[in-house]
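Every read-out reported here was derived from the displayed coordinates using simple, explicitly stated rules and does not represent laboratory data. For clarity, every value in this text was computed on a predicted model and none was experimentally measured. Positions of Cβ are generated from backbone atoms using ideal geometry, with glycine treated the same way; all protein chains shown enter the neighbour counts.
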Amino acid sequence: MNILFIADPLDHFKIYKDSTYAMMAEAARRGYRIHACEPSDLAYSRGIVEARTQAIELIGDHRNHEPHVWYRAEPAVVEPLTRFDAVLMRKDPPFDMEYVTSTWLLELAERAGARIFNRPQAIRDHSEKLAIGEFAQFVAPTLVTRDADRIRAFHAEHRDVILKPLDGMGGMGIFRVKDDALNLGSIIETLSDNGARTIMAQRFIPEIKAGDKRILLIGGKPVPFALARIPQGTEVRGNLAAGGIGVAQPLSARDLEIAETLAPVLAARGLLLVGLDSIGDWLTEVNVTSPTCFREIMDQTGFDVAGMLIDALEAAVGRSVRETV
């Protein structure tokens, strides 16, 4: 296969922990040809969606931390996305209008026969924060609004809450407001831009001390290990980007219940790879843009997450080909 990865700049990869690199390495190990581009390389011209791409050869491994030495790139060429056997959208958030525009372009390419994973429409349709609303049986008390009075009433009811933006990543913009309501008004004003932006409030879940768990769903099946991202010091956020320490662990019975309920539903919508976030017994996010934590789980448990992903990709590409015959 020829596989195109749409991602952030390759020179920014930290390959010792990068999930996209882990996918590339497994695909290359199987003899597939790897290509890469950025969302800014996408274009619509003469009735087709094309991209300026580079074929790359992997020449390092995940123990090599030096930048610029893990790949060799061929000169860039412009090709239609239908030329590739599979296109993986791996651009990290923020999910802004440029990201949305990329999904529109990818959807045009998909209609012309390109095989895109995750499906562009499915990425757009699943807000990583709001998607939990479809699975309310697994969700702690939650409020989504731009109304400051409703947020104040929610805090008055639950006394200890988390407030966060709907478009953040890596723990950015997350605030905990305890019973004393210290700075509640200022936080609401800042996050909501004085009522111009909708935000999320959730009852604080004390089990965050044991970690914010990342549960991976691949091809409609859960990976048997989660990565618990454990906050350090006085930090309330477990995100690795916020200094959390990742500890791989088997899925609990509740993790498995959540995963097995959501996995077939999301896979049927064209979401090959999903990263669920849970704290204690509660689902907190459904990540569909660029789920991570492959390398940490692989290194700590030996479970081949990247192999499972490429297996699922092979099966999905085979289905797509058969559906068009």
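Please compute, over every Cα-Cα pair in the stretch 99-142, the percentage with a separation greater than 14 angstrom.
For the stretch 99-142, the share of Cα pairs beyond 14 Å comes to 54 percent.
Nearest 10 degrees is fine. How inclined is helix 97-111 to the longest principal axis of the chain, computing both from alpha carbons?
40
What ratio of Cα Rg to 2.2 N^0.38 Å holds for the stretch 2-124?
Normalised Rg, Cα atoms only: 1.03.
At 4 °C and 1.567 mPa s, what whole-number value in µm²/s does Stokes-Einstein give for the translational diffusion of the chain, with Rh from the Kirkwood sum over Cα pairs?
63
Want the number for Leu166 to Phe303: 0.36 nm per residue separation, take away the alpha-carbon distance, what's left?
Fully extending the segment from Leu166 to Phe303 adds 46.1 nm.
If a/c stays under 1.5 just call it rounded; otherwise compare a/b with b/c (prolate if a/b is bigger, oblate if not). Do that for the stretch 208-304, with a ≥ b ≥ c from the square roots of the Cα gyration tensor eigenvalues.
Cα axes put the stretch 208-304 in the prolate bin.
Calculate, in nm to one decimal, what Ala55 and Arg111 gain on full extension: separation in residues at 0.36 nm each, minus their alpha carbon distance.
Roughly 17.7 nm would be gained on extension.
Where Rh is the Kirkwood radius over the Cα pairs of the stretch 77-129, the temperature 25 °C and the viscosity 0.890 mPa s, what D in µm²/s does Stokes-Einstein return?
It comes out at roughly 213 µm²/s.
With the Cα gyration tensor of the stretch 141-204 in hand, give its eigenvalues times 5 under a square root as the equivalent ellipsoid semi-axes, listed largest first in whole angstrom.
16, 13, 11
Rank Pro264, Pro291, Pro120 by mean-square fluctuation in a GNM of the chain with C-alpha springs under 10 angstrom and give only the top-ranked residue.
Residue with maximal mean-square fluctuation among Pro264, Pro291, Pro120: Pro264.
Roughly how tilted is helix 253-268, in degrees to the nearest 10 and between 0 and 90, from the longest Cα axis of the chain?
The helix 253-268 is inclined about 50 degrees to the chain.
Less than 20 Å apart at the alpha-carbon level, and either on another chain or at least 8 residues along: which aspartates and glutamates does that give for Lys209?
The qualifying aspartates and glutamates are Asp160, Asp179, Glu235, Asp255, Asp277, Asp281, Glu285, Glu296.
With springs only between Cα atoms under 10 Å apart, run a GNM on the chain and tell me which of Asp96, Asp299, Asp160 wobbles the most.
Asp96
Considering the chain as a Gaussian network with a 10 Å cut-off on Cα pairs, which listed residue, Ala259, Ala55, Ala136, attains the greatest mean-square fluctuation?
Highest fluctuation among the options: Ala136.
How large is log10 of I(q)/I(0) for the stretch 59-162 at q = 0.11, 0.12, 0.15, 0.16 Å⁻¹ when the intensity is taken from the Debye formula with one equal scatterer per alpha-carbon?
Values returned for q = 0.11, 0.12, 0.15, 0.16 Å⁻¹ are -0.63, -0.71, -0.88, -0.92.
Find how many whole Å separate the alpha carbon centroid of the stretch 173-215 from the alpha carbon centroid of the stretch 216-271.
Taking the Cα centre of each part, the stretch 216-271 and the stretch 173-215 sit 21 Å apart.
As a test of the formula, what do you get for the chain when each DSSP H run with n ≥ 4 contributes -39,500 (n - 2.57) and the sum is divided by the residue count, at 222 nm and rounded to the nearest 500 deg cm²/dmol?
-9000 deg cm²/dmol, from helical runs alone.
Which FRET efficiency value, to the nearest 0.05, is calculated for Ala136 and Ala156 with the Förster distance at 25 angstrom and r the Cβ-Cβ distance?
Result of the calculation: an efficiency of 0.70.
Sequence-distant or interchain residues sharing an amide H contact under 5 Å with Arg229, placed H: which?
HN-HN under 5 Å from Arg229: Asp212, Lys213, Arg214, Val247.
Sort Leu143, Leu256, Leu182 so that the residue with the fewest other Cβ atoms within 10 Å of its own Cβ comes first and the one with the most comes last.
Leu182, Leu256, Leu143
Could you give the length gained by full extension between Arg30 and Val265, i.e. 0.36 nm per residue of separation minus their alpha carbon distance, to one decimal place?
Length difference between fully extended and current span is 81.7 nm.
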